[in-house]
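Just so you know, all these numbers are worked out from the coordinates, no wet-lab data involved. Keep in mind that this is a model prediction, so the values were computed, not measured. Cβ: placed from backbone, ideal geometry, glycine included. Neighbour counts: every protein chain shown.
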Amino acid sequence: MAFANPTTTSAPSITVTPVPLRDALPWAIFVGALAAATLYFVGVEQGATSLFSGSFVHEFVHDGRHLLGFPCH
């Protein structure tokens with residue numbers, strides 16, 4: 001059984017197109033707001049600054065607080 005040995009190979013051409021800032025800016029703002037809300041709920045949501053009554057949010061993110069180094073008790 002004979003296999004053909006190609007002498008030339010061609011790699012697919014890849015073209016990278018830059019993303020305009022006006023297209024990326026809304027996503028950057030969304031990700032920043034999501035990160036700020038996550039940081040608030042994990043790091044600050046308890047006690048006097050609590051937005052929700054009870055301790056549900058605190059208990060939900062309790063292990064994450066300790067993992068990230070936030071003191072809570």
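Summary table
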quantity	calculated
Segment C72-L34, extension gain: residue separation times 0.36 nm, minus the distance between their alpha carbons	11.5 nm
Packing-based order for 60-70, 26-36, using average beta carbon neighbours within 10 Å, highest first	60-70, 26-36
Calculated [θ] (222 nm, deg cm²/dmol) that DSSP helices of n ≥ 4 give over the chain, each run adding -39,500 (n - 2.57)	-15000 deg cm²/dmol
14 Å beta-carbon shell around I29, net charge (K/R +1, D/E -1)	0
Residues E45, E59 arranged by fewest to most Cβ contacts within 10 Å	E59, E45
Between 0 and 90°, nearest 10: helix 21-43 axis offset from the chain longest Cα axis	40
Measure of compaction for the chain (Cα Rg per 2.2 N^0.38 Å)	2.26
